1. Can you pick out the pairs among 83/223; 201/231; 175/210; 147/215 whose Cα atoms lie more than 30 Å from each other?
2. Would you kindly state the longest site-free stretch of the chain, with sites defined as GluC sites (Glu not before Pro) in a DSSP loop (not H, G, I, E, B) surrounded by at most 15 other Cβ atoms within 10 Å?
3. Which of the aspartates and glutamates could be linked to residue 252 by a straight reach, that is with a Cα gap under 16 Å, when you skip same-chain ones fewer than 8 residues away?
4. Segment 162-209: which trypsin sites (Lys or Arg not before Pro) are DSSP loop and have at most 14 other beta-carbon atoms within 10 angstrom?
5. With n ≥ 4 as the cut-off for DSSP H runs, can you work out [θ] at 222 nm for the chain, using -39500 (n - 2.57) per run divided by the number of residues, rounded to the nearest 500?
6. How big is the antiparallel share of DSSP beta bridges in the chain, given as a percent to the nearest 5?
7. Straight-line reach from residue 106: which aspartates and glutamates have a Cα under 14 Å away, not including same-chain ones fewer than 8 places off?
8. For a test of the definition: using alpha carbon positions, the gyration tensor, and the 1.5 limit on a/c, classify the chain as rounded, prolate or oblate.
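Only the coordinates and a few stated rules stand behind these numbers; no lab work does. The structure presented is a predicted model; accordingly, all values stated were derived computationally and were not measured. Ideal geometry is used to build each Cβ from the backbone, glycine not excepted, and the neighbour counts take in all protein chains shown.
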Amino acid sequence: MYNFESLSSDCVYVIGDIMIDHYIYGNCERISPEAPVQIVDVQKEEHTLGGAGNVAKNLVAFEVNTGIISVCGQDSGSEVIAKALRELKIADQKIVVDGTRSTTIKTRVVSNKHQLLRLDKETRHYIDNDIASQMLDTLKSQINKIKILIISDYCKGVLSGSVISSIINICRENKIITIVDSKDPELAKYINADIIKPNRKEASIATGIKIIDDKTLTEACEKIVETTNCKTVIITLSEEGMAVFNQGKLLKIPTKAIDIFDVTGAGDTVVAAIAFALLNNLSLIEACDFANHAAAVVVAKVGSATATLKEINSFYANNKLLAG
């Protein structure tokens, strides 16, 4: 059981690629006469925050004082993002509007809890210097209230190498913990970050090491440390749980998941859970164990879901009963 008697009032900020997760839910019982494809009778649609926005959404679910810095397009998607952030009551936000790009939207068609199709609308070119300066100026202006910064890089153009270097330098100067969750295989651009958190596939691509056992897992972690000079590597391993590499030692934490319906956004939950736990004085290993339980809760739901402390503690208690 995780007991947080009084939650920290310090802030966790997220900087990176905000996007919209658009879900189309329906029934699928027919094949089209026009082509060998399924027909989905649409029942409902919903829009929710994805990417860096989903990380922020998870932090809010953990009752963290949350801030977010990102970029969106000058389009209807920006209005969806603004509305979602208002609903989450995230007061500390800076979403810079870039007229040269479209807001990233991932549309998923879902039937009977299974994803049938995904459509992506996005712009990937890097932001210009003016927009980068607006983001960095916002970070500097809020620096005194931030304890942990999550860098959420989905490679949509918000985080260039120079922007990331500036972010990490600002954080190091102000003793802010940086956690990197990135899809970019070029991990050298995150040099001097504190924690690097790829999944198994991302770690394999970034290091050129096929991770098939503890030996290759350790080798991949060592290479990430060598490349980034980070203090800790955390690699999520799907059904095998999570690996933590710190001070030259590898520890594996088994998965807690029982039912898996949708892994969408599970990585965002993990990084948010680790940040929340560290913010509230859990050790690194305790934080990763907490994140494992949080991920188990969200993968049992459909869509980019979140987990509350109540849900995590309930899952933890039920797991203990099943094991006992």
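1. On the way: 83/223 42 Å; 201/231 21 Å; 175/210 34 Å; 147/215 34 Å.
With Cα atoms farther than 30 Å apart: 83/223; 175/210; 147/215.
2. Details: sites that count: 5, 34, 63, 186.
The answer is 187-324.
3. 213, 214, 219, 222, 239, 240, 286, 289
4. Numbers: sites: 172, 175, 183, 189, 200, 201; in loops: 175, 183.
For trypsin sites (Lys or Arg not before Pro) across segment 162-209 that sit outside H, G, I, E and B with at most 14 neighbouring Cβ atoms in 10 Å, the list reads 175.
5. On the way: 9 runs with 116 residues, N = 324.
Rounded to the nearest 500, it is -11500 deg cm²/dmol.
6. 45 percent
7. Leaving aside aspartates and glutamates fewer than 8 places away in the same chain, those within reach of residue 106 are 17, 21, 45, 46, 120, 122.
8. On the way: a/c = 1.38, a/b = 1.09, b/c = 1.27.
Rounded.
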